[in-house]
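To start, the structure itself, in structure tokens.
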Amino acid sequence: MSSIGPIYGEIRAVVKRNGLDRLGTERSINALVSNIISQERLTKYLKAAGYDTQRALDLYGWNILISEAFFPVLSASEVCLRNIISSRLVALYGPTWWDDAAFLTQIGNGKRIVKTARDKLRKKGAVTSGGMTAELNFGFWVNMLLARHEPVFWANLHASFVDLPPAVTYNALYVRCDAVREFRNRVFHHEPILHRNITKEYSQIMELITWLSPDKAKWIKQYSRVMTVARQKP
């Protein structure tokens, strides 16, 4: 059994505790799986495992662990990006940028998201730039790099993204941020990532963090277990 085997072992323990061994362990496990993992979700793992139930459960457990391992670097990339962008908005629109008419006009449909976040914070107390920065989601911050915002927000891109390599264009930065956002959503919504190129995903996230803050990239790397867990794939 692989290092992810404890999940399968837990299911076996449930079988034993409930006196279901008489049905046959494999049959009992199949009967209980639907109470632990939805059939639709498990099917993806069964296909990947050649319809071997034990390996499917091992892969399911590994998917949980590898997703967890990505959390530090995904968090770092999101925090770095939103801090840089919010600082730029403060410079352009002042300390209450979320209420600035010119800013709200520029972001179009995004103003609904901003107003929702502002109103939520108002119910809790004071609305601050830090509070708004944390309340708005990763997708909102990535959208601040859409092409239509370049002449307004980012006329001098490298003055705001001071660590961004000169060769990295505005579009390349947006494409990378959007790719990380898409991957982040799969991880945070508990979707399978077992078919993704884990090494490539990790490298691209780390490169993005380096573009945003080389010091943060060096610091967060010590907390990352992505490649360790990747090598444990069943």
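Values quoted throughout were computed directly from the atomic coordinates according to the rules given, and no laboratory measurement underlies them. All values reported here derive from a predicted model rather than from experimental measurement. Backbone-built Cβ (ideal geometry, glycine too); neighbour counts: all protein chains shown.
Some notes on this structure:
- Taking 0.36 nm per residue of separation and subtracting the current Cα-Cα distance, fully stretching the chain between SER203 and LEU146 would add 18.2 nm.
- Per residue, the convex hull spanned by the Cα atoms of segment 65-182 measures out at 117 cubic angstrom.
- Segment ALA167-ARG112, length gained on full extension (0.36 nm per residue, minus Cα span): 16.3 nm
- Counted by Cβ distance under 13 Å from ALA217, the other residues give a net charge of 0, where Lys and Arg count +1 and Asp and Glu count -1.
- Fully extended contour minus Cα-Cα distance, from LEU157 to LEU92, at 0.36 nm per residue: 22.0 nm
- Two-site FRET efficiency, ASN185 against ASP52, from Cβ-Cβ distance with R₀ of 30 Å, rounded to 0.05: 0.55
- By average C-beta atoms within 10 angstrom, highest first, the peptides 208-214, 182-188, 82-88, 100-106: 208-214, 82-88, 182-188, 100-106
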